[in-house]
Structure formats: C-alpha cells, structure tokens
Amino acid sequence: MSIKTTVLTNIYNEEYLLPMWLEHHKKIFDHGIIIDYWSTDKSVEICKKICPTWEIRTTKNKSFGAIEIDQEFMDIEKNLEGIKIVLNTTEFLFSEKPLSEYFDNSQKSYAIEAYGPQSLHLETPFTINELIKECLREDVKYVFENLRGHRNLHNYLTGNYGLGRHTWYLPKENIKGIAILWTGYFPWNQHMIKRKLQIKTHIPESDRLKGYSYNHFWDLQKLEELRKYKYDTGKSLKDIQPNLYNMLKNY
C-alpha cells in the first residue's frame, strides 16, 4: 500500500506560473494544500479549476513574515500523515519514480537539490510542456542553487524548519533520483518581473530590519545583473545534473 503524498505551497497573485505548477504536481502528489495570501488576481479560481480536490486555505498571517510563514506550514504538517514537502510556485519537483517508493516504515528526511535555468532571451511559455521545452534549449544554462539551500521531503511530524525552510533540524539524507527545477529567473518575462517586484510590498518592516528576505528587496537592475551572472557562470544541465536532464527529456 503506497504512502499518501502531500505538497504544500503558498500563493499571492501567481496566475502566470500557477497553471503550469498545478498541472505538473497534480500528477505527482495525492493531495495539495494551498495557502492563499489574499490574492487579487485569478489564482484561487485557477486552483479550484485545475485541482478541485485540493484544499485552499486563507493564511492566518497578516504579511509575508518569514518566521510566521514557516510556522503556519509546520502547524498544518502536524495534522498530515505520510510524505510531505513545501514548495514555492517557482519550484517544480521531478522524480525518477513515485515518491512513496523512497520511503519505508522508518522516518526519512531527504534534502532535494534545486537547479535554476538561465537564459538571455525572453520566453513566455504558458503550459508545463512549453516550459520544459524552453528549459531544454541548447542556449539555456543551469546553476546548482546551493546558496538557496535544499527542500525537505519527509515523513516526520513537521519539517522542523529553519528560516525560509531551506534548512531544517532533522537527520537528512541526500538523494539523486529527485530534483527541483527552480524557475526563479526563468522564464524571464514581464509576468515574472512583476511577480518578483510585488513581494517586497508585503514583507513586514521588522523582517527587513533583521535582514530577512533581503533578496526580495532587490530592484530590477540588481535582478538583471544577478541573472546575467548566473548565465555567465552556468553550465549544461546534462553535465551538472544528468538525472534531472533525463527526466525533462522524457517528460
């Protein structure tokens, strides 16, 4: 009997990436829980249409406070059985086999690596198949996003997360059969630029003063510089993560 798998995410005006993210992950997970931060676009409608059996909950938080976000996810995880992972809408999980096959009767916490595609061209895919096709272009380079930390695929009571959920206080194992395609800077178009620049308006001043979520306060010039740097230092995906490359090729 397979173990139930649940993906959790939070959204705020994600109507561009969300259809691709939902279409992809509904094939991987048994269930999903979406925490809505008072979206004013069609994000909630999109969730109901594509994943009608998934839960949509309005956040209990007043803003994007880093500690509060982590705590809300852990409070929800306490009432979930089976395998769990928290992903952002920019994070697309790929696995060589069903997630339940990586687990047995013991508790496990897998550290999932993220790889970010980079391009100097404008792309505007609108479906998951179009997105993956763009990711496989020869001129697209990849960066192992080790500075972001990892994501935690686990079957513990909670992920016991550190700030931002990129690290956690559990025994962890590395795994190569699962990886994340991180689309934080890809596809680079007006939809993604708008998405990045809106986040800082909901981060509390107390977090900014503490240096939390500092990357969300970068202006467009800084984002463009970082994107170019990532491209210049990037490599072919088949060279740095052949498992993920093959999963994309076979999608």
Task: Condition met for I132 (surrounded by 13 or more Cβ atoms within 10 Å (Cβ to Cβ), part of a helix (DSSP H, G or I) and in contact (Cβ under 8 Å) with a residue 60 or more places away in the chain) - done: yes
Task: Selected residue (only one of Y156, Y110 is closer than 18 Å to K84 by Cβ and either among the charged types (D, E, K, R) or in a loop (DSSP other than H, G, I, E, B) (or both)) - done: Y156
Task: Subset of the range 120-140 that is of a type in the set (V, I, T) and within 17 Å of the chain's Cα centre (by Cα) - its residue that is farthest from L93 (Cα to Cα) - done: T127
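Out of the residues in the range 16-42 that are hydrophobic (A, V, I, L, M, F, W, C), within 25 Å of F186 (Cβ to Cβ) and in contact with a strand residue (DSSP E or B) (Cβ under 9 Å, 6 or more places away or on another chain), which is surrounded by the fewest Cβ atoms within 10 Å (Cβ to Cβ)? Show your work before the answer.
Going residue by residue through the range 16-42, those that are hydrophobic (A, V, I, L, M, F, W, C) are 17-18, 20-22, 28-29, 33-35, 38.
Subsequent filtering for residues that are within 25 Å of F186 (Cβ to Cβ) retains 17-18, 20-22, 28-29, 34-35.
With in contact with a strand residue (DSSP E or B) (Cβ under 9 Å, 6 or more places away or on another chain) added as a condition, the list becomes 18, 20-22, 28-29, 34-35.
Numbers: L18: 22, M20: 22, W21: 28, L22: 23, I28: 16, F29: 22, I34: 22, I35: 21.
So the residue we want is I28.
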Open item on the list: Quick check on the range 58-68. Is at least one of its residues touching a Lys or Arg at 6+ places or on another chain (Cβ under 7 Å) and either buried (at least 17 other Cβ atoms within 10 Å of the Cβ) or aliphatic (A, V, I, L, M) (or both)?
Closed with: no
Task: Condition check for E55: without any contact (Cβ under 8 Å) to a residue 12 or more places away in the chain and out of contact with any helix residue (DSSP H, G or I) (no Cβ under 7 Å at 6 or more places or on another chain) - done: no
Task: Hits in the range 43-59 - residues which are assigned to a loop (DSSP other than H, G, I, E, B) and out of contact with any strand residue (DSSP E or B) (no Cβ under 9 Å at 6 or more places or on another chain) - done: P52
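Could you say whether any residue in the range 184-206 is surrounded by 20 or more Cβ atoms within 10 Å (Cβ to Cβ), within 22 Å of M74 (Cα to Cα) and out of contact with any Asp or Glu (no Cβ under 8 Å at 6 or more places or on another chain)? Reasoning before the result, please.
Start the filter on the range 184-206 by keeping residues that are surrounded by 20 or more Cβ atoms within 10 Å (Cβ to Cβ), which leaves 184-188, 192.
Cutting the leftovers down to within 22 Å of M74 (Cα to Cα) gives us none.
No, the conditions are met nowhere in the range 184-206.
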Open item on the list: Under 6 Å between Cβ atoms, which residue pairs at least 6 apart in sequence (or on different chains) link something in the range 13-32 that is in a loop (DSSP other than H, G, I, E, B) with a partner that is of a type in the set (K, R)?
Closed with: E15/K42; D30/K4
Open item on the list: Among (1) assigned to a loop (DSSP other than H, G, I, E, B); (2) of a type in the set (S, T, Y); (3) touching a Lys or Arg at 6+ places or on another chain (Cβ under 9 Å), there is one condition Y212 misses while meeting the rest; what is its number?
Closed with: (3)
- [ ] Sort out which residues of the range 198-233 are touching a Gly at 6+ places or on another chain (Cβ under 8 Å) and not hydroxyl-bearing (S, T, Y), and write them in order of number.
- [x] I203, P204, D207, K230
Open item on the list: Pull out all pairs, ordered by first then second residue, where Cβ-Cβ is under 9 Å, the residues are six or more apart or on different chains, the first lies in the range 228-251 and is over 17 Å from E130 (Cα atoms) and assigned to a loop (DSSP other than H, G, I, E, B), and the second is among the small types (G, A, S) and modelled with pLDDT of 95 or more.
Closed with: G234/G116; Q241/A179
Task: Within the range 237-251, considering residues that are among the polar types (S, T, N, Q) and out of contact with any strand residue (DSSP E or B) (no Cβ under 7 Å at 6 or more places or on another chain), the one surrounded by the fewest Cβ atoms within 10 Å (Cβ to Cβ) - done: N250
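The values are calculated or read from the model by the stated rules, or taken from the named source; none is laboratory data. For clarity, every value in this text was computed on a predicted model and none was experimentally measured. When we count neighbours, we look across all protein chains shown, and the Cβ atoms used for this are built from the backbone with ideal geometry, even at glycine.
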